[in-house]
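Notes follow the structure.
Every number in this text was worked out from the coordinates using simple rules, so none of it is lab data. Predicted model only: the values in this text are computed from it and were never measured.
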Amino acid sequence: MSPKELKDQKLTDIFKALMGLLKDQSFEEISITELAKRAGVSRAYYYKNFVTLEDIVSQYEMLRIISYLRQLPDGSRLTLQTLMTHYFQLVLDDQRDQLILISAGKEQVLIKTFHTVLVYLLKNKLIPLTDRTTDSYWGDYFSGAVINLSISWLKQGAVEPPEYMGKKVENFAN
C-alpha cells in the first residue's frame with residue numbers, strides 16, 4: 001500500500017469509528033482514547049492530524065468529494081445537472097453516515113466542505129461563470145441550498161433518484 005493509500009485508509013478508519021460512536025454518543029462524550037482504539041490508530045495519529053473531531057469529518061468529506069470529482073465524465077465544461085446528479089449519488093452512497101452527521105447537528109461541516117469544492121470548480125471554470133456565480137455570496141447561498149436539499153431528501157428516504165435531484169437543482173438554479 002502506498003503512503004497516500006495508507007493515509008486515506010487511516011482517515012477512513014477513524015471516520016468510520018467516529019460514525020460508529022456517534023450512533024450512541026454526542027461529539028462531546030467521545031474520548032480520543034476510545035476513538036483511536038476503535039479505529040486501530042494511535043492517539044498520536046489523532047493529535048498529529050486533527051485538532052477537533054469535526055476535522056475528521058471535514059477531511060473525510062473532502063476525500064470523498066475529491067473521489068467524486070475524479071469520477072465525473074471528461075469534459076472541460078460540465079453541466080450543473082451532471083455535477084449535481086453525481087453529487088446526489090455520492091450523498092446516497094454515504095446515506096448512513098450523512099444521516100448520523102445530520103442527527104449530530106454537523107450540517108455546517110457538510111456545507112463548508114461543499115463550498116470549498118464549489119469554489120474550486122468555479123475557479124477552474126468547471127462550472128460556467130455567470131454574473132450570479134461570480135457574486136461573492138453566491139457560493140454560500142448555493143452550498144447551503146444544496147446541502148439543505150440533500151438533508152431533506154435523505155430524511156424523506158431518498159425516494160427520487162439522483163438524476164431527478166440533479167435536474168431539480170438545475171431548475172432551482174435557473
Fill in: Using distinct alpha-carbon pairs, which all enter the 1/r mean, Kirkwood radius of region 1-50 in Å
11.1 Å
Fill in: Largest-first principal axis extents of the Cα set of region 79-124 (Å)
33, 19, 10
Practice prompt. Starting from the Kirkwood radius over alpha-carbon pairs of the chain, derive D by Stokes-Einstein at 25 °C in a medium of 0.890 mPa s and give it in µm² s⁻¹.
Written response: 143 µm²/s
